[in-house]
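K.L.:
Quick one: this structure, given as structure tokens, is what I'll be asking you about.
Every number in this text was worked out from the coordinates using simple rules, so none of it is lab data. Just so we're clear, the structure is a prediction, and the values are computed from it rather than from any experiment. Positions of Cβ are backbone-derived with ideal geometry, glycine not excepted, and every protein chain shown enters the neighbour counts.
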Amino acid sequence: MKRDLWDAAHKCTKCNSLMKKKTLVIEGIDARGWECTKCKDMVLHPEDAQRILLLSKLKKGIPVTVGELGNSFVVRIPKEIAELYKLSKGEQIMMKAENDRKIELEVSG
């Protein structure tokens, strides 16, 4: 059975005091983390830190290639983006035109 990191007790690496669970807001995103009760040092949960890095990368833009499948054009969504948004094969997403140069994809759920 895999141990959940979130439920484990953590000690501060700076002052060795017990850290307390805390929801942190990083770049407008809720993230799990821990705050030292003594020195106030904060640590992000590694999964949430990875999610924030990926969203930051996505905000800058990730190049993708347009392909063709039968009579349709297709755009591949990178696996890490699909995992971030919990997309699965066959799932529908909403495509909207923001302007004549920008398309928005909306994930339901």
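K.L.:
Looking at this model, which pairs from LYS57/LYS96; LYS21/LYS96; LYS22/LYS102; LYS20/LYS79 are more than 30 angstrom apart at the alpha-carbon?
P.N.:
Exceeds cut-off: LYS21/LYS96; LYS22/LYS102; LYS20/LYS79.
K.L.:
Taking 37 °C and 0.692 mPa s as the conditions, I'd like the Stokes-Einstein D for the stretch 1-61 in µm²/s, using the Kirkwood hydrodynamic radius from alpha carbon pairs.
P.N.:
So the translational diffusion coefficient is about 262 µm²/s.
K.L.:
OK, next. Counting other C-beta atoms within 10 Å, and keeping those with at most 10, which DSSP coil GluC sites (Glu not before Pro) do you find in the stretch 1-107?
P.N.:
Counting only loop positions with at most 10 other Cβ atoms within 10 Å, the GluC sites (Glu not before Pro) in the stretch 1-107 are GLU27.
K.L.:
Let me check the size of the chain from its C-alpha atoms; what are the radius of gyration and Dmax in Å?
P.N.:
In order Rg, Dmax, the Cα atoms of the chain give 19.3, 63 Å.
K.L.:
Counting only helical runs of four or more DSSP H residues, what would the 222 nm mean residue ellipticity of the chain come to if each run contributes -39,500 (n - 2.57) and the total is spread over all its residues?
P.N.:
Value at 222 nm, helices only, nearest 500: -5500 deg cm²/dmol.
K.L.:
Taking the beta-carbon count within 10 Å as an exposure proxy, list LEU58, LEU53 from fewest neighbours to most.
P.N.:
Going from sparsest to densest Cβ surroundings: LEU53, LEU58.
K.L.:
With θ set to phi - 60° and the Karplus curve 6.51 cos²θ - 1.76 cosθ + 1.60, what are the ³J(HN,Hα) couplings of the stretch 44-55 in order, to the nearest whole Hz, using x for Gly and Pro?
P.N.:
8, 5, x, 5, 6, 4, 5, 4, 5, 4, 5, 5
K.L.:
What is the stretch 64-109 by shape, rounded, prolate or oblate, if you read a ≥ b ≥ c off the alpha carbon gyration tensor as root eigenvalues and call it rounded for a/c under 1.5, prolate for a/b larger than b/c, and oblate otherwise?
P.N.:
oblate
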